[in-house]
Amino acid sequence: MASKDGKFAKAYTFLAAKATAALNGTIIDTNGGAVTTLAGRLVALRGTSDGVRRVVEIDSNGKFTIPNLIADTYEASILDTEYPGFSSASVPINPSTKTASVTIVYAAPSR
């Protein structure tokens, strides 16, 4: 910033940050039990307003965590090549949310 005549100048650093939240998720079967057979597979998260896209790995307990999310409504889907888009859930993150949880029911069609 400087005065009109430029004699007085000062540099300022501005930092803008948005509040963020963490999303904790669990993959369960139709009976409510944790699905542990999907360890290493991926969950994709897509923000419906801003198009934020994130991908994380499912752990051996059927759980996943996605940090640093801004306010939006997100669609979480298991990236399953055999049944694409079949298992998903929607979760809203509000500006005041610090931690949110989502449960995805994995019910692959029987063959």
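Read-outs: derived from the displayed coordinates by stated rules, not from any lab. Keep in mind it's a predicted model, so treat the numbers as computed, not measured. No Cβ is skipped: glycine too gets one built from the backbone with ideal geometry, and neighbour counts run over all protein chains shown.
Working from label points 7 Å from Cα in the Cα-to-Cβ sense, the ASN31 to SER90 distance is 3.1 nm. Shown here: the range 21-105, whose C-alpha atoms stretch 34, 22, 20 Å along the first, second and third principal axes, sorted largest to smallest.
Remark: the range 23-30, residue by residue, has Karplus-estimated 3J(HN,Hα) of 10, 9, x, 9, 9, 10, 8, 5 Hz, where x stands for each Gly or Pro and the curve is 6.51 cos²θ - 1.76 cosθ + 1.60 at θ = phi - 60°.
With the simple spin-label model, which puts each label point 7 Å out from Cα in the Cβ direction, the LEU42 to ALA107 separation comes to 2.7 nm.
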